[in-house]
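Engineer: Here you go, one structure.
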Amino acid sequence: MSEDGNGAHRWFDDDAGPVVRPYAMTRGRTTGAGQHRLDLIALVVAEPRADDPEGNRTLSPEHVDIVALCRTAPQSVAELAAELDLPVGVVRVLIGDLVEEEFVHVNRPVPPAELPDESILREVISGLRAL
């Protein structure tokens, strides 16, 4: 809060520009519809039909920015949050909206429990070398 020349208090900073609360971007939602919690390293990939997200009137500018970033290369949830300078929770909800609208899809990381055991991989390499 700052005080202007007339002694009145102002609740914004002219240099910061307009301030939009994160919950306003997500319309108060904390999770996307039907979307499980997204890992920070989950990759978001633009769908081929996502060539013109600007033409969709239901998408916010932040939605359009996410699709544009993912169109050039897959982006992790963490990268998108950093690039857009938005909280991760907000980005997760926006990605959930885009998944529902089929503008993007998410490639989730393989859980460590499902990764092959290192000893098995070593045995396969040893077997290949023996050939």
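Engineer: Go through the range 47-68 and report how many residues are touching a helix residue (DSSP H, G or I) at 6+ places or on another chain (Cβ under 7 Å) and at pLDDT below 75.
Structural biologist: The qualifying residues number 3.
Engineer: For the range 94-120, give me each residue that is in contact with a helix residue (DSSP H, G or I) (Cβ under 8 Å, 6 or more places away or on another chain) and of a type in the set (Val, Ile, Thr).
Structural biologist: Hits for the range 94-120 are Ile95, Val104, Val106.
Engineer: Pick from Glu101, Glu114: which is among the acidic types (Asp, Glu), closer than 14 Å to Ala46 by Cα and more than 11 Å from the chain's Cα centre (by Cα)?
Structural biologist: Testing whether each residue is among the acidic types (Asp, Glu), closer than 14 Å to Ala46 by Cα and more than 11 Å from the chain's Cα centre (by Cα) leaves just Glu101.
Engineer: Scan the range 83-108 and report the pairs whose first residue is touching a residue at least 12 places away in the same chain (Cβ under 8 Å) and among the aromatic types (Phe, Trp, Tyr) and whose second residue is crowded, with 16+ Cβ neighbours inside 10 Å and in a helix (DSSP H, G or I), with Cβ atoms within less than 8 Å and a gap of 6+ or a chain change.
Structural biologist: From residues that are touching a residue at least 12 places away in the same chain (Cβ under 8 Å) and among the aromatic types (Phe, Trp, Tyr), the pairs are Phe103/Pro53; Phe103/His63; Phe103/Val67.
The values are calculated or read from the model by the stated rules, or taken from the named source; none is laboratory data. Everything numeric in this text was worked out from a predicted model, so none of it was measured. Because the Cβ atoms are built from the backbone with ideal geometry, glycine has one as well, and the counts that use them run over all protein chains shown.
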